[in-house]
Amino acid sequence: MINKRLLIKNLLSHNDENSFYDKKQEISLSSKDGKAKFLKHICALSNSNPENNSYIVIGIEDEENKIIGVDFFDDSKIQNLVNAYLKNPPKIEYENVPFPRLPRHKVIGLVTIHPNNKVTSLLKNAWKYKKGSIFYRRGSNSMHTSLNYELRNTNKEIVDAIEKNARNNIELTLDGVFDFIKNHKPEFTPQYKVFNEQFVLCWAGEKKIINGEEYLSRVDIELINEQVKLFFSALDEVQISYNKHSFIITEYIYLGIEKKEELYPLEKTIINFKDNGKHNIVNEFLFVPPKLDVDIMFRIYENCKSIIKKIEGEIPLSTLEQEAILRLPTNCLICFLHGFVDAATLLLQAKNYLRNLEDKTTYIKYKEAMRVIRKVKYN
C-alpha cells in the first residue's frame, strides 16, 4: 500500500510541475471554466502517461510550494464527470490526505489518474475547449495538440521509483494511529480497528443520543495505512457499524422549516476490505427529500432571493434578514429539493458574503448544503 502523504511529499520534491504531475491551489468544479480546466489537465496527464499513474496535488501555493490545504471533498461521483466529458476516459480517484500542520477541516487533495494507454479527447464542448480537442503535457503546461502527436518518452521509471519510495511500513502506520488519537480530544473517543490483519482504520466523533439511538457528529475517519481521510463531517449526524470485513457509515442530515427539523438518511458508505490487500468503497444513495407545502416553499424561495439580491447589491439587511442569514443555506437547499433548481445558483452567489461572516457556522452550513446539492445532482 502507498502512503499518500509520503507520496505527496515525494511529488512536491520535484518543485516544478512536469508531465506526470500538476499542483493547484484549488479547483472549482462548480464553474464552467473551472470544470473545463480540470478536464483539460486530466486529459493531458492521461495522454502523456500511458503506462503509469499521473497526479494532481490540490492545496499547494504554487510559487513557494507551500502546503495550505483545501476543504474536505467527498464527491465520490467525480468519475461520472470525467466519463461524461472525455472520450476514452481514464479511471481517476480523488482522495483527501491530512497533514499534521493543517487545521482539522483542511486536507491536501490528491487526484490519481490511472493509465489506460488510449488517446483521451473531449467528448463535447467544455467552456472554450471544443469537442474532439486533445491535450498533452509539455513540461508543466497542458497543451492542445493534434491526433498525430508523437509521445517520445513516458515517465514510467521515475513514477515507479516515486511510488516505491512512498510504500507504507509498520513505523508509519503506528505513527499514524498515535497521531490520530493525539489530535482528537478524549470526548471524541478516538479509536481504531484492524481489518484482515493489515488495514488500520481510525475514527472519532462526538456521541449523541437522538430518539433513543446513538449518533456521532463532527466525525473523522482515516485509513491509516494510506494516510487518507475517508470521511469528515462538520455538522451531519452519522451512524457507524462494522463487521469482520466491512466498515459502514450511514450519514444523516437535518432538514425542515424553522425549528421543525427532522433527520433524513443521506448516504451509506461501505468500505470493504479484501484478502488480497485491496479495498473498495461502495456508496448507496438513500436520500428521499421531504415534501412541504408549495405556497410556503414559494415564500421561502422569494425571501432567499430577496436577501441574496441585497447581499449582491451591498444593501444593508434588516434585523429579521440578518437573523434569517443563519438559515439561508438550509432554506436554499430545501427550495432546490422542491424544484426551485436555481436556488443552488443563488446560494453560490452568496458564498463570499457567508465566508466572511465572523460567525463561521453559516459558512459551514453553506458547504454542507452545496455538498448535498452536488450529491443529489449526481444521483
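The values are calculated or read from the model by the stated rules, or taken from the named source; none is laboratory data. Because the structure is predicted, anything quoted here is derived from the model rather than measured. For neighbour counting, all protein chains shown are included, and Cβ atoms are generated from backbone atoms with ideal geometry for every residue, glycine included.
Of the numbered criteria (1) modelled with pLDDT of 95 or more; (2) crowded, with 22+ Cβ neighbours inside 10 Å; (3) among the polar types (S, T, N, Q), the one ASN88 fails is (2). The combined condition, being surrounded by fewer than 16 Cβ atoms within 10 Å (Cβ to Cβ) and in the same structural domain as ASP74 (by TED's automatic domain parsing), is not fulfilled by ASN155. Selection of the stretch 294-310 for residues being surrounded by fewer than 19 Cβ atoms within 10 Å (Cβ to Cβ), closer than 16 Å to GLN349 by Cβ and out of contact with any Pro (no Cβ under 9 Å at 6 or more places or on another chain) yields GLU302, ASN303, LYS305, SER306, LYS309. Only one entry in ILE248, ILE221, ILE271 is free of Cβ contacts under 8 Å to residues at least 24 places away in the same chain, under 16 Å from GLN191 (Cβ atoms) and under 22 Å from the mean Cα position of the chain (by Cα), namely ILE248. The number of residues in the stretch 95-105 that are modelled with pLDDT of 95 or more and touching a Phe, Trp or Tyr at 6+ places or on another chain (Cβ under 8 Å) comes to 1. May I ask you to verify whether PHE180 is surrounded by 14 or more Cβ atoms within 10 Å (Cβ to Cβ) and in contact with a Pro (Cβ under 9 Å, 6 or more places away or on another chain)? Against the criterion (surrounded by 14 or more Cβ atoms within 10 Å (Cβ to Cβ) and in contact with a Pro (Cβ under 9 Å, 6 or more places away or on another chain)), PHE180 qualifies. Scanning the stretch 148-190 for residues that are touching a Cys at 6+ places or on another chain (Cβ under 7 Å) and among the aromatic types (Phe, Trp, Tyr) gives a single hit, PHE180.
Residues checked against (1) outside the structural domain of ARG374 (by TED's automatic domain parsing); (2) without any contact (Cβ under 8 Å) to a residue 40 or more places away in the chain; (3) closer than 26 Å to LYS130 by Cβ:
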residue: LEU12; (1), (2), (3): yes, no, no
residue: SER19; (1), (2), (3): yes, no, yes
residue: GLY34; (1), (2), (3): yes, yes, yes
residue: LYS40; (1), (2), (3): yes, no, yes
residue: SER54; (1), (2), (3): yes, no, yes
residue: ASP74; (1), (2), (3): yes, no, no
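If you go through the stretch 352-369 one residue at a time, do you hit one that is within 18 Å of the chain's Cα centre (by Cα), touching a residue at least 12 places away in the same chain (Cβ under 8 Å), surrounded by 14 or more Cβ atoms within 10 Å (Cβ to Cβ) and not in a helix (DSSP H, G or I)? No, the stretch 352-369 has no match at all. Consider the stretch 275-294 and keep the residues that are part of a loop (DSSP other than H, G, I, E, B) and within 24 Å of the chain's Cα centre (by Cα). The one that is farthest from PHE199 (Cα to Cα) is PRO289.
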